[in-house]
Amino acid sequence: VEAALTEAELEQRVDIYLSETDTLWMLDLPSAVVSTEAEEAVRVLERNKIYVEICNAKIDSEYFEEKMVQTISGAVKTKEVQCETITMAEKGMMVTSWDFDNSLNASETEPTETEEPTDTAEKSSKSPTAEEHGQAVAVPSARDSTSPIIIPESAVPARSHEERECLSEAILTSENLKQDLVVMERILMENIFQPKLAVYRQIPVLIEPDVTSDTDMEEEEDEEEKKDEKKQEETSVQPSALSDLNQSPAEAAAPSLEQLWSYRCDLTSGHSVSSMAWNKVNPDLLAVGYREFVSQGQKEGLACCWSLKNPMWPERIFRCEHGVTAVDFSLASPNLLAVGMASGRVAIYDVRSRNDAALLDSSASLNKHTGPVWQLRWVEQDRGATGGDRKERLICISGDGRVTQWFIQQRLDCFDLMTIKRTQSRKKKLPGERGRSSEAPISQQAAGMCFDFHPEDTDIFLAGTEEGHIHLCSCSGKEQILGTYRGHKGPVYKVAWNPSSTDIFLSCSADWSILLWHRDSYTPLLTFTSVTAFVHDIKWAPKSAFIFAAVNERRVEIWDLSVSIFDPVLSCAASPKGNLSSVLFAKNAECLLLGDSCGQVGVWQLHNLAAPST
């Protein structure tokens with residue numbers, strides 16, 4: 001036990017000396033300004049080691065003085081940020097105690113103009129009190145002598161909410177936003193379909209490089225090395241694999257089809273493609289007619305204009321009361337689209353307008369068709385004219401047996417070019433058979449199914465009928481029917497003149513056959529039959545006199561008469577879900593368009609076809 005100090009000892013003066021003790025290091029983290037993975041890391045470590053040795057050697061020197069010195073500047077760090085410029089602003093206001101009182105009173109009763117001077121007086125009377133307490137006081141200026149009217153807080157959100165709704169509605173319905181959305185949609189479609197559109201336009205396909213890190217590059221190199229080793233092992237085990245491939249170059253050069261994309265959307269599903277037509281001036285604009293798959297009901301139809309810029313949604317949509325059976329663009333006025341319907345109605349639309357109402361309609365015409373308009377076409381009257389001197393006529397063929405020409409004035413009206421009469425069958429009487437009285441047919445008119453005008457003489461055209469006959473007709477002269485070609489046993493669905501050899505034409509029918517005719521011979525030159533199915537459509541290739549395409553219910557066939565007249569050079573099922581109904585060659589590409597009963601138009605690339613020949 002320590003002895004207690006006496007009073008004398010407590011009064012005694014004692015000297016206390018403070019001295020510095022040794023420094024105790026609890027945590028030592030040497031600063032590192034160079035990354036250990038950097039290229040100069042080894043050189044910096046070596047310099048640090050030399051520096052430590054020099055310091056240790058000079059500790060005993062009287063000139064050595066230990067100080068913390070950093071002679072190397074810190075490493076530069078790069079940070080990339082993508083955002084809008086952040087703007088900062090300082091705002092401030094002075095609030096006094098009487099401002100709180102006025103705000104509370106204003107929430108209950110809104111002050112009037114007569115109360116404003118009293119509020120100012122109260123502020124001025126309370127100002128010295130605030131100064132006495134050391135608070136900052138706001139002295140009103142001459143132009144701020146009256147305090148502002150305070151709006152209740154409950155009214156502000158209601159008004160701003162209504163303003164926001166009106167503003168958002170105005171933005172969403174503005175034409176500028178719609179135009180910007182169209183541009184953005186086109187950009188997205190170009191990015192999505194760029195490789196396929198490049199193949200369609202026959203330009204090189206741009207392949208975006210994959211941006212990878214160093215570690216990913218090393219891993220890919222290792223994988224490629226492993227794949228090369230496996231390939232070497234396989235080739236060493238099976239040396240005849242490559243030789244087998246080299247022995248069959250004919251199979252590699254065989255014609256083939258590759259699907260690029262399909263024109264389809266939710267609006268066209270459930271409809272059947274009835275006809276297709278390219279725009280005469282813009283080769284990227286395609287008109288497609290749609291009708292219900294079950295045509296007996298005569299339900300609503302569609303006429304859509306598709307563009308290469310957006311294969312997922314049509315540029316124009318024209319809703320029709322009945323199913324659309326035929327479409328065609330005008331050459332003199334490329335913005336006019338003629339549409340024929342299953343009810344016999346003919347309408348003309350202006351594709352420049354976004355309104356789906358028809359520009360002209362045959363509903364009020366006294367000579368309108370009573371049967372379906374199976375085909376219509378704009379035909380040039382004077383092919384030598386150019387520009388505004390071009391004259392066209394709109395020709396239609398219908399199931400009521402009439403071929404009509406429509407003239408466009410203030411309303412749409414027509415007159416009959418000819419009426420197709422039924423022909424008696426040339427059935428020979430058997431020996432000993434009595435002559436029966438001829439039975440009168442139910443209708444004297446034969447239903448017209450299709451027609452095609454001569455590529456050089458626009459006064460001559462072919463007309464296919466439901467009887468299976470093909471009539472060679474003339475628009476001028478006393479005799480309208482110049483000859484009849486009998487060869488089909490069912491309705492003739494399409495006839496097509498050869499664009500290169502103008503005396504040759506094709507026809508297809510429901511009797512499963514395709515016939516090749518010469519203008520001067522009333523018996524078919526060749527008969528093409530590959531499958532037992534209706535042949536719905538045929539088209540000659542635009543650049544070759546020997547190649548044509550045909551579609552039956554399930555398959556598309558490419559025939560090349562310079563290769564074989566017995567079998568098609570290509571036959572494949574291009575629509576696994578529905579039946580094919582229409583075919584069309586692309587104007588400026590080696591592609592084929594196929595329409596089916598599911599409402600989609602597939603664009604297919606043709607490979608390894610024979611060189612064009614006239």
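The values are calculated or read from the model by the stated rules, or taken from the named source; none is laboratory data. Quick caveat, the model's predicted, so the values are computed rather than measured. Cβ: placed from backbone, ideal geometry, glycine included. Neighbour counts: every protein chain shown. The protein model used for the area step is the full one, side chains on, heavy atoms only, and it has no ligands, DNA or RNA in it. Shrake-Rupley method; radii C 1.70, N 1.55, O 1.52, S 1.80 Å.
Values for this structure:
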item: Residues of region 561-577 satisfying the condition of being over 25 Å from residue 261 (Cβ atoms) and either buried (at least 20 other Cβ atoms within 10 Å of the Cβ) or β-branched (Val, Ile, Thr) (or both); result: 563, 565
item: Residues of region 252-280 satisfying the condition of being more than 21 Å from the chain's Cα centre (by Cα) and open to solvent by 70 Å² or more (accessible area, probe 1.4 Å); result: 252, 280
item: Any hit, region 518-531, residues being of a type in the set (Asp, Glu) and out of contact with any Gly (no Cβ under 6 Å at 6 or more places or on another chain); result: yes
item: Residue in region 15-25 that is open to solvent by less than 100 Å² (accessible area, probe 1.4 Å), within 25 Å of residue 76 (Cβ to Cβ) and either touching a Leu at 6+ places or on another chain (Cβ under 7 Å) or assigned to a loop (DSSP other than H, G, I, E, B) (or both) present; result: no
item: Scope region 570-614; condition in contact with a His (Cβ under 9 Å, 6 or more places away or on another chain) and more than 20 Å from residue 498 (Cα to Cα); matching residues; result: 579, 580, 581, 597, 598, 599
item: Residue match in region 285-300 (condition: modelled with pLDDT of 90 or more and surrounded by fewer than 20 Cβ atoms within 10 Å (Cβ to Cβ)); result: no
item: The listed residue being over 22 Å from residue 449 (Cα atoms), open to solvent by less than 50 Å² (accessible area, probe 1.4 Å), in contact with a helix residue (DSSP H, G or I) (Cβ under 9 Å, 6 or more places away or on another chain) and of a type in the set (S, T, N, Q), out of 600, 605; result: 605
item: Cross-chain or 6+ apart pairs with Cβ under 8 Å, region 389-413 first and surrounded by fewer than 23 Cβ atoms within 10 Å (Cβ to Cβ), then charged (D, E, K, R) and outside any strand (DSSP E or B); result: 389/382; 390/382; 391/382; 399/466
item: Hits in region 492-525 (condition: under 16 Å from residue 553 (Cα atoms) and assigned to a loop (DSSP other than H, G, I, E, B)); result: 510, 511, 512, 513
item: Given (1) in contact (Cβ under 8 Å) with a residue 24 or more places away in the chain; (2) part of a loop (DSSP other than H, G, I, E, B); (3) surrounded by fewer than 16 Cβ atoms within 10 Å (Cβ to Cβ), index of the condition residue 317 fails; result: (2)
item: Count of residues meeting criterion [open to solvent by 50 Å² or more (accessible area, probe 1.4 Å), within 16 Å of residue 338 (Cα to Cα) and part of a loop (DSSP other than H, G, I, E, B)] in region 355-374; result: 6
item: Test for residue 542: is it surrounded by fewer than 18 Cβ atoms within 10 Å (Cβ to Cβ), assigned to a loop (DSSP other than H, G, I, E, B), touching a strand residue (DSSP E or B) at 6+ places or on another chain (Cβ under 9 Å) and not acidic (Asp, Glu); result: yes
item: Criterion violated by residue 568 - all others in (1) under 26 Å from residue 465 (Cβ atoms); (2) part of a loop (DSSP other than H, G, I, E, B); (3) modelled with pLDDT of 90 or more; (4) in contact with an Asp or Glu (Cβ under 7 Å, 6 or more places away or on another chain) satisfied; result: (1)
item: Residue match in region 452-475 (condition: at pLDDT below 90, closer than 22 Å to residue 327 by Cα and open to solvent by less than 30 Å² (accessible area, probe 1.4 Å)); result: yes
item: Filter pass, residue 344 being open to solvent by less than 10 Å² (accessible area, probe 1.4 Å), assigned to a loop (DSSP other than H, G, I, E, B), without any contact (Cβ under 8 Å) to a residue 60 or more places away in the chain and of a type outside the set (Phe, Trp, Tyr); result: yes
item: Number of positions in region 414-437 that are open to solvent by 90 Å² or more (accessible area, probe 1.4 Å), in a loop (DSSP other than H, G, I, E, B) and modelled with pLDDT of 85 or more; result: 0
item: Only listed residue being at pLDDT below 95 and either touching a Leu at 6+ places or on another chain (Cβ under 6 Å) or under 22 Å from residue 185 (Cβ atoms) (or both), chosen from 334, 239, 311, 249; result: 311
item: Odd one out for residue 348, checked against (1) over 27 Å from residue 557 (Cα atoms); (2) in contact with a Lys or Arg (Cβ under 8 Å, 6 or more places away or on another chain); (3) among the aliphatic types (A, V, I, L, M); result: (2)
item: Hey, residue 589 open to solvent by less than 60 Å² (accessible area, probe 1.4 Å) and in a loop (DSSP other than H, G, I, E, B) or not; result: yes
item: Residues of region 476-493 satisfying the condition of being closer than 22 Å to residue 326 by Cβ and open to solvent by less than 40 Å² (accessible area, probe 1.4 Å); result: 488, 490, 491, 492
item: Complete set of residues in region 505-558 that are among the basic types (Lys, Arg) and closer than 24 Å to residue 591 by Cβ; result: 539, 543, 554, 555
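Yes/no per residue for (1) within 41 Å of the chain's Cα centre (by Cα); (2) over 16 Å from residue 548 (Cα atoms); (3) hydrophobic (A, V, I, L, M, F, W, C):
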{"site": "454", "(1), (2), (3)": "yes, yes, no"}
{"site": "463", "(1), (2), (3)": "yes, yes, yes"}
{"site": "467", "(1), (2), (3)": "no, yes, no"}
{"site": "484", "(1), (2), (3)": "no, yes, no"}
{"site": "491", "(1), (2), (3)": "yes, yes, no"}
{"site": "495", "(1), (2), (3)": "yes, no, yes"}
{"site": "499", "(1), (2), (3)": "yes, no, no"}
